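Contents: one structure, followed by commentary.
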Amino acid sequence: MDIPRTPSFRLDGRSALVTGASSGIGLACAAALAQAGAAVTCAARGQEALSAAVDALVADGGDARALPLDVTDTGAVEEVFQGQAFDIVVNSAGLARHGPALETKPSDFDAVSDVNLKAAYFLSQSAARAMVEAGRPGSILHVSSQMGHVGGPDRAVYCATKHGLEGMVKAMAIEWGPHRIRINTLCPTFVRTPLTEGTFADPERRAWIEEKIKLGRVAEVEDLMGATVFLNSDAAAMITGTSLLVDGGWTAE
């Protein structure tokens, strides 16, 4: 009797592009892919932080290089994919400007949606177009949020962009499935990073967060690394157009 074999979680021989890779969740995603054997191109706007991140990945034994990139510059994004297709694209670039919906300014709405939705859309388009032209399969993963599935106070704009991202991914999965291109989202709860320390420093807001997370703690970036590898590996070969919630049970209600 032939026993089924678990598909590999390894990414040896594959190329990956990770945006927002200079710190926080993006750096963790880049590290996860590099540790699984992928050659990782790390993209971000800040050259100094990006160089430091890549140096750390290389010192850890990873195959990594830096690519200064502003994901809102659609022309620059298109140029990245001219003549090359990545096997894996992970988009971790994101922006939040939280505040009451009654006080949202058009400039805030535009800034958040330009990064979280418009840039994600055209990054996906460029990545998939290159895969199609090269005649090769691929995986696209967007770091979305649990807030793409629920609402939250002071987060109307952020939720709007993340809910939009979830719908975008479903539609693209339908179109690109025949090309063997998979596209999914990773949806974390509140993750401890330098950018979220201000939120956790507010006792009232921290209490609200910890009450909603059923596992009783906020997430660490390491909690997202296994999911990142899984969704981009052969072990997830039949997963597309969906989201993986790493939310400690927040959305279970």
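Going through the stretch 187-212 one residue at a time, which ones are within 28 Å of residue 139 (Cβ to Cβ) and not in a helix (DSSP H, G or I)?
Once the filter is applied, which keeps residues that are within 28 Å of residue 139 (Cβ to Cβ) and not in a helix (DSSP H, G or I), the stretch 187-212 yields 187, 188, 189, 190, 191, 192, 193.
Being of a type in the set (Ser, Thr, Tyr) and in a helix (DSSP H, G or I) is the filter here, so list the residues in the stretch 215-245 that pass it. Walk me through how you get there before you give the answer.
Step one: of the stretch 215-245, the residues of a type in the set (Ser, Thr, Tyr) are 228, 233, 240, 242-243.
Listed by number, the list holds a single entry, 228.
Scan 173, 207, 235 and give me the residue that is over 21 Å from residue 28 (Cβ atoms), over 18 Å from the mean Cα position of the chain (by Cα) and of a type in the set (A, V, I, L, M, F, W, C).
Of 173, 207, 235, the one residue that is over 21 Å from residue 28 (Cβ atoms), over 18 Å from the mean Cα position of the chain (by Cα) and of a type in the set (A, V, I, L, M, F, W, C) is 207.
Return the pair list, or none, for Cβ contacts closer than 9 Å from residues in the stretch 113-137 that are more than 15 Å from residue 182 (Cα to Cα) to residues that are surrounded by fewer than 16 Cβ atoms within 10 Å (Cβ to Cβ), at least 6 apart or on different chains.
Matching pairs, first to second residue: 119/70; 119/73; 122/78; 134/84.
Being over 16 Å from residue 241 (Cβ atoms), surrounded by fewer than 16 Cβ atoms within 10 Å (Cβ to Cβ), of a type outside the set (Val, Ile, Thr) and modelled with pLDDT of 95 or more: is that true of residue 177 here?
Judged against the criteria, residue 177 is not a match.
The values are calculated or read from the model by the stated rules, or taken from the named source; none is laboratory data. If you're wondering where the values come from, they're calculated on a predicted model, not measured in any experiment. Glycine gets a Cβ as well: all are built from the backbone with ideal geometry, and neighbour counts include every protein chain shown.
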